[in-house]
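Every number in this text was worked out from the coordinates using simple rules, so none of it is lab data. Note that this is a predicted model, so its numbers are computed, not measured. Quick reminder, even Gly has a Cβ in these numbers, built from the backbone with ideal geometry, and neighbours come from all protein chains shown.
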């Protein structure tokens, strides 16, 4: 069987399994996730063995220390996967929820019921924990899942998915509800991306290169985000202490992630005092600033920002700073240079807070809070399957509900159309 | 300026206009739609003149009588467009609705707010009323719209869009919020489908050929449906009178549309009596039947159905009939041959009704009602922009709400992440 047939058969089986998974009770799905968690805990020795094979192969291939670190499984990380599955089991089940129901003049009762999407394809790199995390979310929401991890984690991913599949089999559920593509050839991904009849949604998780490859080659809808160029606007009325604390937290608490702040905008009326203050604080935290001419007037040690700095996702201890006329100029800057990820306003002005919340159409818009809260867990969705910065279907952090859709249900007593 | 630049500039302008449209109050948008309705009524003579040019050109090109009929505008059809705009003005505005709000343990208030999608592209054929109908829905939901009608209706579409644009200008709103592509070359559509930075969603309206062309060539998400292969399952416990009435209505009330029934499934326990009954009734209504072997046993005059009949969207007075073992076999048939459009069950059995509503994952699932109700107006959405049989973003008839998405809003008082 060639790769094309192999991937297609695997996806056909997932599609068949999805029909069964869609009808499972919450109780059965929760039981499944609990057993998967138990299974991972019991399998620690064999998972560590498989992981060693990946690490050895990675060392042979000359992977960087950072790459190897992402690959490594230890008892704590396996425990983390098991805990994650138990947390997802504890989340409310979105499937079957009726989100509205109304009566038509002719007596028809019309409503919308939440149902699984069907088959979800996850394409990811290095970190083997995604196998369990994404698998758990897809199964809890009544979907089947086709997983395609990176070739560098193939032994670990195969071992984890085998443990998860065993629990499906033990409960006489279709093993094909969780499929792992073990063909490491990239052709397998290309074949997967063609299967629009079998797979309903693709979620790529990884660097911009992987995501662009998936988007460029997929016939299946893709939910993704490329970059996080997040902004904080410090308004004229801002509490300086709060603004400082929020800017520092948003930049340095974890600089390498997509919801870290990359550009701070400062109202011109407070520039003379706030610019030197934030420049000093950031320098003390080891952050390199790049500023507009007005910023540099009040903090001459700051380097000059170029046009590229306004669009940069540094993912590092670097921060762009710009002084703006007012709220409108700040919102124009965000609309022009932002990536529709997350923006925050620091203010004491009620009207400006209302305008910012209404008019800035990024996926997460905040007042007086750190951009670092733009995350499924932090916002209270439970676990997160990814973040979307495209507006179709989902916008922002995605939880279980985002792995479902809604159908119309209609209850009549013989109505016909006249 | 070449076609590529021309289309791109027009879409850039629409994107700029979309930011302004997103902030308009409901009152202003309703006023705009009312003025557009008034404007169309006042422009009847010039709209009829423009339409005559299209009809003359259509006759020269040898268009069929049916095609010409779709093109024709008369006073009644223009009144229909104006009335449609007033109906959309009267619908509730989805923008700004907060669909949920909760408090996190750290005091952050988190909610989801409905916002417009941005710029919506509509690609359609012949019927010039789509210009006003789709335009009104997109503007009411706070979006900008790029319209691309068929070349055969170019004079009518241009005249209608000019009237609509005049009202934007009269209210000092951006005229680019409603763009009409007047380049009749198909290259213009191809250019439009590349503009993923400017256009957020494409909705094609027309035959399967147009839709496939759009899907195959678009980098922008497309919401569409190809076909409507709708089913009715007449259960063992069905009230025969009700079943007959529903089947007849679903087949003959308007056979050429996507929510007309194409296959009737009949429970084996009632085949002996119900098959001859429905065969007789359908014959009296001029419907040609194609049946499975069991059907033909009880109604020998029925032609033999081939495998293709189970997948056929006849859009005509033809109906496939199959006798099945039970509810499970009926649901298997629907899953295998259906198009995820609309299915209805006729029954008196509570448990079967519950199972059908839960387990059949077509976009509209009914009990004891005609499939002809699968329509935005009939289901109570107000007007309809289209129907989706793909699950992402929208599934089923689409109203104003489906032209929006939701962002997260977060209100804090200085929270930072620890």
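Measuring from a point 7 Å out along Cα→Cβ, what nm distances, shortest first, does residue B:377 have to its partners in the other copies?
Label point to label point, same position, other copies: 5.2 nm.
Taking a label point 7 Å out from Cα toward Cβ, give me the nm distances from residue B:59 to the same spot in the other copies, shortest first, one decimal.
Counterpart label points of residue B:59 in the remaining copies fall at 8.7 nm.
When the Debye formula is applied to the Cα atoms of region B:230-379, each taken as the same point scatterer, what base-10 log of I(q)/I(0) results at q = 0.09, 0.11, 0.12 Å⁻¹?
Relative scattering, expressed as log10 I(q)/I(0), comes to -0.22, -0.34, -0.41.
Relative contact order for chain B using alpha-carbon pairs under 8 Å, separation at least 6, rounded to a whole percent?
Relative contact order for chain B comes out at 18 percent.
Distance in whole Å from the B-onto-A rotation axis to the closest C-beta of chain B, together with the residue it belongs to, please.
In residue-and-Å form, the answer is B:393, 2.
Restricting to Cα pairs below 8 Å that are 6+ residues apart, what does the relative contact order work out to for region B:83-215? Please round to a whole percent. Before the final figure, lay out each step's value.
Details: 181 pairs, mean separation 33.5, N = 133.
Relative contact order, region B:83-215: 25 percent.
Can you tell me the orientation of helix A:44-61 relative to chain A, as the angle in degrees between its alpha-carbon axis and the longest Cα principal axis, to the nearest 10?
Around 60 degrees separate the two axes.
Enter the Cα centre distance for the pair region A:1-36 and region A:119-180, rounded to the nearest angstrom.
Comparing the Cα centres of region A:1-36 and region A:119-180, I get a distance of 9 Å.
Please report the equivalent ellipsoid semi-axes of the protein assembly as shown, computed as sqrt(5 x eigenvalue) of the Cα gyration tensor, largest first, in whole Å.
47, 38, 23
Mind checking the mean number of beta-carbon atoms from other chains within 10 Å of the Cβ atoms in B:391-403?
The per-residue average across the peptide is 4.
Given an 8 Å cut-off on Cα distances and at least 6 residues of separation, report the relative contact order of region A:230-375 as a percent.
Relative CO of region A:230-375 lands at 34 percent.
How would A:296, A:355 line up from fewest to most surrounding beta-carbon atoms within 10 angstrom?
Least to most surrounded, the residues fall as A:355, A:296.
Send over the per residue convex hull volume for region A:302-418, Cα only, as a whole number of Å³.
It comes to 202 Å³ per residue, whole-number rounded.
What is the fewest-to-most order of B:366, A:113, B:16 by other Cβ atoms lying within 10 Å of their Cβ? Could you put the intermediate results ahead of the total?
On the way: B:366 31, A:113 21, B:16 16.
Starting with the residue having the fewest Cβ neighbours, the order is B:16, A:113, B:366.
Give the average over all directions of the projected area of the C-alpha convex hull of chain A, one decimal, in nm².
If I average the Cα hull's projected area over directions, I get 25.2 nm².
What is the order of B:247, A:292, A:138, fewest Cβ neighbours within 10 Å to most?
A:292, B:247, A:138
What is the Cα coordinate range of region A:53-182 on the first, second and third principal axes, sorted by size from largest, in whole angstrom?
Sorted largest first, the three principal extents are 72, 31, 25 Å.
Measure nothing fancy, just the Cα-based angle from helix B:154-170's long axis to the longest principal axis of chain B, in degrees from 0 to 90, nearest 10.
For B:154-170 against chain B, the angle is about 50 degrees.
Taking the label point as lying 7 angstrom from Cα along the Cα-to-Cβ axis, what are the distances from residue A:105 to the corresponding position in the remaining copies, in ascending order and in nanometres?
Distances to the matching label points in the other copies: 5.3 nm.
Give the distance, in whole Å, between the Cα centre of region B:191-261 and the Cα centre of region A:372-418.
22 Å
Just to confirm the number: angle between the C-alpha axis of helix A:3-22 and the first principal axis of chain A, 0 to 90 degrees, nearest 10?
Taking the Cα atoms of chain A, the angle to A:3-22 is about 90 degrees.
Given N residues in region B:73-139, what is its alpha carbon radius of gyration divided by 2.2 N^0.38 Å?
The reported ratio for this selection is 1.68.
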